[in-house]
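First comes the structure, then the notes that go with it.
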Amino acid sequence: MFFLSDFLLSVQLYLGLLVFSGFLLADTQLIVHKAMLGSNDHVGHALQLFTDVVGIFIRLMAIIARNREREQDRRRRK
């Protein structure tokens, strides 16, 4: 009952979006700091940012799909 609620799923999606946005900001700051110190690991840095962006993208797509599904349900009821 509690684990399958729409509210908890929404909280999980939006909280995950917030967390991954924080990861993106923190990783970007870390990459800039490492670059200033002379790190030339471009592939590793790109992979860090890529995983953050993928996490954000997945959650955005889930939020958009849920909103579209809700809207379609509302239209069917009218």
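For this structure, a couple of remarks:
- Complete set of residues in the range 35-53 that are more than 22 Å from residue 19 (Cβ to Cβ) and either in a helix (DSSP H, G or I) or polar (S, T, N, Q) (or both): 35, 36, 39, 40, 42, 43
- Residue check, residue 56 closer than 21 Å to residue 6 by Cβ, in contact with a helix residue (DSSP H, G or I) (Cβ under 7 Å, 6 or more places away or on another chain), assigned to a helix (DSSP H, G or I) and hydrophobic (A, V, I, L, M, F, W, C): no
- Residue 4 among the aliphatic types (A, V, I, L, M) and part of a loop (DSSP other than H, G, I, E, B): yes
- Pairs with Cβ under 8 Å, 6+ apart, first in the range 57-75 and within 16 Å of residue 14 (Cα to Cα), second of a type in the set (A, V, I, L, M) and at pLDDT 95 or above: 59/17; 60/17; 63/17
- Residues that are among the polar types (S, T, N, Q) and modelled with pLDDT under 95, drawn from the range 1-33: 5, 10, 12
The values are calculated or read from the model by the stated rules, or taken from the named source; none is laboratory data. Everything quoted here is computed from the prediction, not taken from an experiment. Please note: Cβ atoms are built from the backbone with ideal geometry, for glycine as well, and neighbour counts cover all protein chains shown.
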